[in-house]
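The values are calculated or read from the model by the stated rules, or taken from the named source; none is laboratory data. A quick note: this is a predicted structure, and the numbers were derived from the prediction, not measured. Reconstructed Cβ throughout: ideal geometry from the backbone, glycine too, with neighbour counts over all protein chains shown.
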Amino acid sequence: MSRSVRTRPEGSGRGLSEAYDTALLDLDGVVYAGGNAIAHAVESLATARAGGMRLAYVTNNALRTPDAVAAHLTELGIPTGATDVITSAQAVARLIAEQVPQGARVLVIGGEGLRVALRERGLEPVESAEDGPAAVVQGYGGPELPWGRFAEACYAIARGVPWYASNTDLTIPGARGIAPGNGAAVEVVRIATGAEPQVAGKPLPPMHRETILRTGARRPLVVGDRLDTDIEGAFNGEVDSLLVLTGVTDGAQLLAAPPQHRPTYVDADLRGLLAGQAEVTGDGDGGFRCGGWTATAGERLELEGDGEAMDGLRALCAAAWTAAGEGTCELDPGKALARLGL
């Protein structure tokens, strides 16, 4: 993928599952939400796998172990082994192991996924600042994580113990809506201590490195629902990306995306792995065509024509991103998105 400023989604004459060897799939908001499979996910992934694409599941959620994630996916009808799952807990455990002595104690503020990942790197998880930790690591601990765990982190950090975070996603999608993520919990500790953690998860390089080391992908495609983690992570790793609209990102946020948040491809859901992606072309008069739609950027974003909603959104992306250049498009997209039912 070129690091030049992207001004439109790309087209593809082949299905993406044929054009790329490995899909690096986010989980929450892409494959499932609140424990239930998202519509079309199971059958789309089965078809992609049958066609020869490797599926790897890359999540910033550090709560569950790869074994637990794999078991859950298998229960949903997506056969998965633990080695197909890469978590931010694994990425942050490698980062810590590179900076502290072998066998060092690490104060864990989070769930079992962090503890298992630390042991995999030869580190000893502990529960108290009084246990002499060489590091503090914070990851998503679920809605039942006690408030006192944040205080324990603060006590250790105040004594000069280095602080690490698996990820800083402020929110996490669930069956009932959007809930606070690990990033919100990290902010609690940051405000109380004034310290800054080293962060491993998407969109930062340690997570991309962990993913490539564990999958061996040669031509990967990042598939996600978040612009500021999945898509920016792909940008930082210089690989292509597919944004699906089944999670936290809506049409208006996509149109306003700065260059590092602009995906290579856009689709409604994981069926986008299988179909070709319609090409966006300029019409010579400042407009952009995709399918039966033409989008322009004037006083606001305008859309004319008819056809598939995703084609209209792709055309709007081209108009908005071209108008914004290296910045953020501030033109009103409301009327155009309403025509698409978005």
Next on the checklist: Being touching a Ser or Thr at 6+ places or on another chain (Cβ under 6 Å), within 30 Å of Ala324 (Cα to Cα) and not assigned by TED's automatic domain parsing to the domain that holds Pro220: is that true of Thr7 here?
Outcome noted: yes
Next on the checklist: Can you tell me which of (1) in the same structural domain as Thr168 (by TED's automatic domain parsing); (2) touching a Pro at 6+ places or on another chain (Cβ under 7 Å) is the one Pro101 doesn't meet?
Outcome noted: (2)
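Listed here are the residues, each with its yes/no results for (1) surrounded by fewer than 22 Cβ atoms within 10 Å (Cβ to Cβ); (2) farther than 30 Å from Thr328 by Cβ; (3) not assigned by TED's automatic domain parsing to the domain that holds His261.
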| residue | (1), (2), (3) |
| --- | --- |
| Asp28 | no, no, no |
| Ala39 | yes, yes, no |
| Val42 | yes, yes, no |
| Thr47 | yes, yes, no |
| Arg54 | yes, yes, no |
| Asp67 | yes, yes, yes |
| Ala71 | yes, yes, yes |
Checklist entry - Within segment 213-221, can one find any residue that is under 14 Å from Thr59 (Cβ atoms) and in contact with a strand residue (DSSP E or B) (Cβ under 9 Å, 6 or more places away or on another chain)? => result yes
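Would a scan of segment 308-326 turn up a residue that is among the aliphatic types (A, V, I, L, M) and loosely packed, with under 15 Cβ neighbours inside 10 Å?
There is no residue in segment 308-326 that is among the aliphatic types (A, V, I, L, M) and loosely packed, with under 15 Cβ neighbours inside 10 Å.
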Next on the checklist: I'd like to verify a number: residues in segment 98-145 that are within 21 Å of Val58 (Cα to Cα), modelled with pLDDT of 95 or more and either hydroxyl-bearing (Ser, Thr, Tyr) or surrounded by fewer than 21 Cβ atoms within 10 Å (Cβ to Cβ) (or both), how many?
Outcome noted: 6
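State whether one or more residues within segment 278-285 are closer than 13 Å to Arg8 by Cα, among the hydrophobic types (A, V, I, L, M, F, W, C) and out of contact with any Ser or Thr (no Cβ under 7 Å at 6 or more places or on another chain).
Yes - at least one qualifying residue is present in segment 278-285.
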Checklist entry - Which fully enclosed strands (runs of 3 or more DSSP E) of segment 35-131 have 3 or more residues being of a type in the set (A, V, I, L, M) and touching a residue at least 12 places away in the same chain (Cβ under 8 Å)? => result 54-59, 105-109
Checklist outcome for this item: When segment 271-305 is checked residue by residue, the ones that are crowded, with 18+ Cβ neighbours inside 10 Å, in contact with an Asp or Glu (Cβ under 6 Å, 6 or more places away or on another chain), of a type outside the set (A, V, I, L, M, F, W, C) and assigned to a loop (DSSP other than H, G, I, E, B) are Gly291
